[in-house]
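> Okay, here's the structure, questions in a sec.
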Amino acid sequence: ASPRSASRLLRHKTPTEARRAAALLAALRARVRGAHPFPPPPSPRAPLPSRPAPRRAPVPPHPPPPPPPPKRAPSKVEVELPPKPAPEKLRKEAKRAYYATDGPRSQRELSNVFKLGAKNFVVELNEIVLAVGARLGFGVPPSRTLPDCLLLTLSNDAVNAREHAREAAMEAAAAAAGTRALTVANLSWPTRVVYRVVCWYIDVAFVGRPIPRLWFLEIVARMPYFAYTSCLHLYATLGWWRSAELMNIHYSEQVNEAFHCAVCETLGGDRRWFDRFTAFHGAIAYYWILVVQFFLSPSESYAFSHALEMHAVDTYGQFVDENEETLKRLPVPQVARKYFEEFLYYFDEFQTESDGVRRPVLNSLYDVFINILEDELQHSKTMEACVDYTRDQKPVKYRGRDMQSHGRDSRPYMTSDERTAYWDNWRESQGNAAAETDEAVEEARASNDGK
């Protein structure tokens, strides 16, 4: 090794090589000078003392949570209130309350027209959004909700065949009796066109959906009674004509139809937004058609309602026959039991062929629809009696008796001569009673004077 190679080794950066290079350079210098032939070995480098780890103060353990205060029993003054639900939950509960399963849709707080309209607009807007979502595949499938989950059926062809057979039987019976049958063929052509349009829409729009079809039919079928009551109120207000019994019959019929609607709503008949839209707007148009028709010809208007009620009889009859086994396994809705068994709102007022002794017994949903079928048959008989009353001046049966001779005071229906004779007879009877009273008083006075 030469000093030049040693100096070259000093350029290394590692400490070990630098120490070796320094020792080699010192040995070369000593060899050159003759002092030490071999240099002493380098002493190993002592390791640096390690620093002790800093001592941390011991962390005290967390104290246990304090025990909850004991619950006091609510006193007479202090009452534990339930937690307030979230606004979203409140909106859902309000929608569920609006479509209550055991009551009519109108069970909301009565308010002014602006509040009612605003509430209905919000609810229907939400339903439109849900309907669009259902069309796009969101939400619960319809087959898992009412009324589709009940698996009920109704054949349009069977209903139409039943209607044609009934009208043929009515025509044959009328021909044998020498009278005119109340069939669709004997209606005027404008009335016949409206009837055919209503039946066509029901057949097309509700294929495979019997409960919505029945609900739509009930919404439309109660419009005649609204229209007749309005027209009779107008006639009575103007002093042209009045009949308290006829108004009472029509009012009881519309109450009966309202509970039929409530039963169908219990089964989900009004779940679809489009069904409600067409039913309500179509009912308004149908109402004004009936009002104009009643103004022009009351008998034709009653005949129109008779045809629609007989169509309802055919529809309910076919529905009950097709679904008898299924309906017998389903329970009775609360609203049906409330109407048919508990309160019977005006139930006896439209029973034209009986004395008010019909009392339904409900054991299943089959019994409910059997009684609705009987109600529709009674409505058709009432409309037939009203046609005879307006066309042939025959008395209407009111609770099994003639409307004009059931024992009530008939003074509002008297002519002027009858009214004069009535008061003359009353005056004579009062005069005779007064004379008898005077004679009795004189006899009593004479006897007292004699005593």
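> With a 1.4 Å probe and all protein chains in place, put THR229, THR390 in order of accessible area, largest first. All intermediate terms of the calculation are to be shown ahead of the outcome.
Details: THR229 20, THR390 45 Å².
Listed by decreasing accessible area, they come as THR390, THR229.
> Which ³J(HN,Hα) values in Hz, rounded to whole numbers, follow from the phi angles of the stretch 210-225 under the Karplus curve 6.51 cos²θ - 1.76 cosθ + 1.60, where θ = phi - 60° and Gly and Pro get x?
Values, residue by residue: x, 5, x, 5, 5, 5, 4, 5, 6, 4, 6, 6, 8, 5, x, 6 Hz.
> So, by mean Cβ neighbours within 10 angstrom, what's the order for 147-157, 368-378, 267-277, 110-120 with the highest one leading? Intermediate values should be presented prior to the final figure.
Working: 147-157: 15.6, 368-378: 21.0, 267-277: 19.2, 110-120: 10.7.
Final packing ranking: 368-378, 267-277, 147-157, 110-120.
> Mind checking the stretch 148-256 for chymotrypsin sites (Phe, Trp or Tyr not before Pro) that DSSP puts in a loop (not H, G, I, E or B) and that have at most 14 other Cβ atoms within 10 Å?
On the way: sites: TYR195, TRP200, TYR201, PHE206, TRP215, PHE216, TYR225, PHE226, TYR228, TYR235, TRP240, TRP241, TYR251; in loops: PHE206, TRP240, TRP241.
Hits after loop and neighbour filter: TRP240, TRP241.
> Between ARG192 and LEU28, 0.36 nm times their residue separation minus their Cα-Cα distance comes to what? Display every interim value, and only then the final one.
Values: separation 164, 0.36 × 164 = 59.04 nm, distance 13.56 nm.
Full-extension gain reported as 45.5 nm.
> By how many nm would the segment from TYR235 to GLU17 grow when fully extended, if each residue of separation counts as 0.36 nm and the alpha-carbon distance is taken off?
Numbers: separation 218, 0.36 × 218 = 78.48 nm, distance 12.78 nm.
Extra length from TYR235 to GLU17 when fully extended: 65.7 nm.
> For the pairs LYS119/LYS338; LYS115/LYS328; LYS115/LYS381; LYS119/LYS381, note any where the Cα-Cα span goes beyond 32 Å.
Numbers: LYS119/LYS338 28 Å; LYS115/LYS328 42 Å; LYS115/LYS381 40 Å; LYS119/LYS381 39 Å.
Beyond 32 Å between Cα atoms: LYS115/LYS328; LYS115/LYS381; LYS119/LYS381.
> Computing the accessible area with a 1.4 Å probe over protein heavy atoms, can you report the carbon and sulfur percentage for the stretch 298-385?
Numbers: 1500 of 3250 Å².
The nonpolar share, carbon plus sulfur, comes to 46 percent.
The values are calculated or read from the model by the stated rules, or taken from the named source; none is laboratory data. All of these numbers come straight from a predicted model, not from anything done at the bench. Positions of Cβ are generated from backbone atoms using ideal geometry, with glycine treated the same way; all protein chains shown enter the neighbour counts. Side chains included, ligands, DNA and RNA excluded: accessible areas come from the protein's heavy atoms. Shrake-Rupley method; radii C 1.70, N 1.55, O 1.52, S 1.80 Å.
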